[in-house]
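Remarks on the structure that follows.
The values are calculated or read from the model by the stated rules, or taken from the named source; none is laboratory data. As the structure is a prediction and not an experimental result, all values here were calculated from the model. Please note: Cβ atoms are built from the backbone with ideal geometry, for glycine as well, and neighbour counts cover all protein chains shown. Note: accessible area is taken over every heavy atom of the protein model, side chains too, but ligands, DNA and RNA are not part of it. Shrake-Rupley method; radii C 1.70, N 1.55, O 1.52, S 1.80 Å.
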Amino acid sequence: MRPLIVVPTFNEVDSLPRVIELIREHAPDVDVLVVDDNSPDGTGRVADELSEQHAEVRVLHRPTKLGLGPAYRAGLGLGMEEGREVLVEMDADLSHPAERLPALIAATADADVVLGSRYVPGGATENWPWHRRALSSGGNRYVRITTGMPVRDATSGFRAFRRPVLEAIGLLDLASDGYSFQVETLLRAWRAGFHVTEVPITFTERRSGASKISRRIVFEALWRVAAWGLAGPRRPSGIPETSVAFAEGQERLG
């Protein structure tokens, strides 16, 4: 089946039409599932209009703002029920480059999880204030040190999974949200022995709306990552070495 791009939305009325346009331009052979948390700005209505215009776009409406983790569990879970072999996470604020979707999806031919990474050779960020850049890069260093997972951009929300990964890690049982949801799915996959690859992207600061990152989300990520680091082995015994490919295979860490 065609890959499924899951796009959570909350107050993305200005950017969503352009996101859909870019996805259709750069990845015409995918389907899109918009998961809207009853956005008060009318994003859900706009998503319905886009769905009426484009057969490959569907909308999953949720009754209230329930968070990023639950949105992805709902959207990815629906894709798994449909038998999708490749499922992709992507933001609706124009920060994730749709032109990199083909590279992200193509890399699943050789890897189980593919991250669109800001912190490998060729990756970059644009128009980010220094405090956001410091929070992101510092958070990723914290994840590497605490868990031992050799990934440069564990918090990236632009990523692709092969379906067996989501089945193996118990996607629907995960309770974390925000940054920690991204870290938990990746850490479970890595500890289970799945192959993780990072491909470079340029992340651009959102052009409209407000960031959804709050102090609560940051605090949740800090304590959950610490708990995961203490609770589990850095590499389970009896599972083959996994490798992380940087810059589309140019550099590898095992």
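Computed quantities for the displayed model
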{"quantity": "Positions within the range 80-130 being among the polar types (S, T, N, Q) and either within 21 Å of V35 (Cα to Cα) or not in a loop (DSSP other than H, G, I, E, B) (or both), in sequence order", "calculated": "S95, T108, S117, T125"}
{"quantity": "Checking L115 against (1) more than 15 Å from the chain's Cα centre (by Cα); (2) open to solvent by less than 30 Å² (accessible area, probe 1.4 Å), the condition it does not meet", "calculated": "(1)"}
{"quantity": "Enumeration of residues in the range 175-197 that are aromatic (F, W, Y) and either open to solvent by less than 10 Å² (accessible area, probe 1.4 Å) or under 12 Å from V114 (Cα atoms) (or both)", "calculated": "F181, W190, F194"}
{"quantity": "Neighbours by Cβ (under 6 Å, 6+ apart or cross-chain): first from the range 36-51, free of Cβ contacts under 8 Å to residues at least 60 places away in the same chain and outside any loop (DSSP other than H, G, I, E, B); second open to solvent by 10 Å² or more (accessible area, probe 1.4 Å) and of a type in the set (K, R)", "calculated": "S51/R58"}
{"quantity": "Qualifying residue in the range 158-166 (condition: more than 17 Å from the chain's Cα centre (by Cα) and either crowded, with 18+ Cβ neighbours inside 10 Å or of a type outside the set (G, A, S) (or both))", "calculated": "no"}
{"quantity": "Number of the exception - T242 against (1) farther than 14 Å from D112 by Cβ; (2) modelled with pLDDT under 95", "calculated": "(1)"}
{"quantity": "Looking only at the range 1-23, and only at residues there that are open to solvent by 10 Å² or more (accessible area, probe 1.4 Å) and part of a loop (DSSP other than H, G, I, E, B), the one that is nearest to G67 (Cα to Cα)", "calculated": "F10"}
{"quantity": "Test: residue in the range 138-152 that is free of Cβ contacts under 8 Å to residues at least 40 places away in the same chain and either in contact with a helix residue (DSSP H, G or I) (Cβ under 9 Å, 6 or more places away or on another chain) or surrounded by 17 or more Cβ atoms within 10 Å (Cβ to Cβ) (or both)", "calculated": "yes"}
{"quantity": "In the range 40-90, residue farthest from T108 (Cα to Cα) [restricted to those that are surrounded by fewer than 23 Cβ atoms within 10 Å (Cβ to Cβ), at pLDDT 95 or above and of a type in the set (S, T, N, Q)]", "calculated": "Q53"}
{"quantity": "Count - residues of the range 198-207 that are in a loop (DSSP other than H, G, I, E, B) and open to solvent by 10 Å² or more (accessible area, probe 1.4 Å)", "calculated": "3"}
{"quantity": "In the range 24-39, the residues that are within 26 Å of T155 (Cα to Cα), open to solvent by 70 Å² or more (accessible area, probe 1.4 Å) and touching a helix residue (DSSP H, G or I) at 6+ places or on another chain (Cβ under 8 Å)", "calculated": "N38"}
{"quantity": "Residue under evaluation R133, criteria (1) in contact with a strand residue (DSSP E or B) (Cβ under 8 Å, 6 or more places away or on another chain); (2) buried (at least 18 other Cβ atoms within 10 Å of the Cβ); (3) in a helix (DSSP H, G or I), criterion not met", "calculated": "(2)"}
{"quantity": "Yes/no for V13 being hydrophobic (A, V, I, L, M, F, W, C) and more than 20 Å from the chain's Cα centre (by Cα)", "calculated": "yes"}
{"quantity": "Which listed residue, of T155, T125, T147, is over 13 Å from T197 (Cα atoms), touching a strand residue (DSSP E or B) at 6+ places or on another chain (Cβ under 7 Å) and at pLDDT below 95", "calculated": "T125"}
{"quantity": "Filtered residue count, the range 168-183, keeping only those that are part of a helix (DSSP H, G or I) and in contact with a helix residue (DSSP H, G or I) (Cβ under 7 Å, 6 or more places away or on another chain)", "calculated": "7"}
{"quantity": "Evaluation of E251 against (1) modelled with pLDDT under 95; (2) touching a Ser or Thr at 6+ places or on another chain (Cβ under 9 Å); (3) open to solvent by 30 Å² or more (accessible area, probe 1.4 Å) (one fails), failing number", "calculated": "(2)"}
